Amino acid sequence: MVRTRNAAWLVVLLVAALGALVLSPLRFAGDLEARLGAAIAPVMASLHRAARPASDVLLHAGQLSALTEENAALRDRVAQLESEAATLREGRTAEEQARALRSAVGDATYLEASVTVLDPSPGRRGLLIDRGSAHGVVAGQAVLGPGAALIGVVAEVQPTAARVRLLDDPRSAIAVALQQSKTPGVLAAGPEGLHLDFVPTGSAVAIGDLVLTSPIGGQLPAGLLVGRVQAVEARPEALFTAVRVEPYGDASRLLRVLIVTSVQGSAP
Amino acid sequence: MTRLLVALIAGVLALVEVSVAAGSASAVLPLALIACWGVLRGVDEVVLAAPTVALALGVTSEERVGWFLLALIPLLIALVLVERGRQRGRSAAVGAAVAGGGSLAYGIVLLLAAGQPRALPAAAPALLAVSSVTALLSALGVLLLWRWRAQTHTRGLFA
């Protein structure tokens, strides 16, 4: 009797899950989920803010040695970047970089937003932020993290909240170009991290090259900093070069982000 | 009444975990609660908790609520299949096994739902770590809540 009742419960839940999946492509179902998410977002933001000091200690207590190593590596990297920056200031590349930054940063209009939650699904990489269409946010806008580096793109918008798809989400694909050689490519995410797709074999790609957004496709403003080339594997028999990219923006500990709402002379 | 209470607590735990520890854990607390309470009281007292947790997680994710509910079904199937033990230690072990397996299945289903079967090998260590924590919490939950286990002469917690 009990086993029959339990089996009945399971069947009901299974049917409910499958029903929810079948209905999910319908507009009203997606809207309902998004509105519920937006409704509970303020509660979660408060919880997040209140518990952050304690959770930081608890969650990162076991990572002290890793953080120490990371800190040392970052110090080395800062020193290296300072040296590179000094060299670049003297050269033509610096002029180009400054122009790109001016066009991306100086002429753009930004909106600041707080991160409410990170996507709880292990297969997704996304953020929920507390700004939406009521504040001028529209799907497709660029979202910047630390150092004004691109961390993702607005994927869905509700009146007072929006969902950001991060660069390392499996469905993310961004048109980019290497700053030095102007080699175009598509930045995508895989199990090993970010990589560039469709970079023809023989293209001029070097480790350390800066990866910037490209105006191709018209999705994002050109010149936003994305990351740098971490590894290059060119095989003569392959059509494309395998290029791994290290992102500049780390979205895992973000509290605030900037949304590029408009850029003078180009669509956001 | 008990079903509603468990569902409410599981839903709140899911929201708290997403708010506080997103990115480092994956529904550890609600899954541990469902597993330990299911082992102690039977699966019929956690059937409302599963959709509540799925709803709480689904509305904060780009993944659909249906996938989260589907990901929780293996945990419930395990609860139906296991027999509730009469000994405390044995029940704790059963709770740990159910929670660990259910948590592993939960992670795998959601990775497949995101279209990332190739990411499974890379994600395996993280999934195993999360499953271990869930199993440990569930075993502790069984030990701590042992006095509220189902017994033949009572029908419900509030009966």
Of the candidates A:Ala162, A:Ala155, A:Ala134, A:Ala149, the one satisfying the condition of being touching a Phe, Trp or Tyr at 6+ places or on another chain (Cβ under 8 Å) and among the hydrophobic types (A, V, I, L, M, F, W, C) is A:Ala149
Can you tell me which residues in the stretch B:39-56 are within 10 Å of another protein chain (Cβ to nearest Cβ) and not acidic (Asp, Glu)? B:Gly42, B:Val43, B:Val46, B:Val47, B:Leu48, B:Ala50, B:Pro51, B:Ala54, B:Leu55, B:Ala56
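Residue-by-condition table, conditions (1) under 24 Å from A:Thr4 (Cβ atoms); (2) under 11 Å from the mean Cα position of the chain (by Cα); (3) aliphatic (A, V, I, L, M); (4) at pLDDT 90 or above:
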{"position": "B:Leu48", "(1), (2), (3), (4)": "yes, no, yes, yes"}
{"position": "B:Glu63", "(1), (2), (3), (4)": "no, no, no, no"}
{"position": "B:Val80", "(1), (2), (3), (4)": "yes, no, yes, no"}
{"position": "B:Gln87", "(1), (2), (3), (4)": "no, no, no, no"}
{"position": "B:Val98", "(1), (2), (3), (4)": "yes, yes, yes, no"}
{"position": "B:Ala119", "(1), (2), (3), (4)": "no, no, yes, no"}
Of all residues in the stretch A:153-173 being within 8 Å of the chain's Cα centre (by Cα) and assigned to a loop (DSSP other than H, G, I, E, B), which is nearest to the other protein chains (Cβ to nearest Cβ)? A:Asp169
Just need a number here: residues in the stretch A:1-50 that are at the interface with chain B (Cβ under 8 Å from one of its Cβ atoms), more than 26 Å from the chain's Cα centre (by Cα) and of a type in the set (S, T, N, Q). 1
Out of A:Val199, A:Val245, sole residue that is modelled with pLDDT of 85 or more, touching a strand residue (DSSP E or B) at 6+ places or on another chain (Cβ under 6 Å) and closer than 22 Å to A:Ala155 by Cβ: A:Val245
Exception for A:Ala139 within (1) surrounded by fewer than 16 Cβ atoms within 10 Å (Cβ to Cβ); (2) in a loop (DSSP other than H, G, I, E, B); (3) at pLDDT below 85 falls at (3)
Note on the stretch A:173-194: residues touching a residue at least 24 places away in the same chain (Cβ under 8 Å), closer than 30 Å to B:Val59 by Cα and not aliphatic (A, V, I, L, M) are A:Glu192, A:Gly193
Output the number of the condition that A:Gly202 fails; it satisfies all remaining conditions of (1) on the phi < 0 side of the Ramachandran plot; (2) surrounded by fewer than 20 Cβ atoms within 10 Å (Cβ to Cβ). (1)
Please enumerate the residues belonging to the stretch B:57-105 that are facing chain A (nearest Cβ under 10 Å), surrounded by 24 or more Cβ atoms within 10 Å (Cβ to Cβ) and more than 30 Å from A:Arg165 (Cα to Cα). B:Leu76, B:Leu79
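The values are calculated or read from the model by the stated rules, or taken from the named source; none is laboratory data. Since we're looking at a predicted model, the values are computed, not measured. Cβ sites come from the backbone with ideal geometry, for glycine too, and all protein chains shown count toward neighbours.
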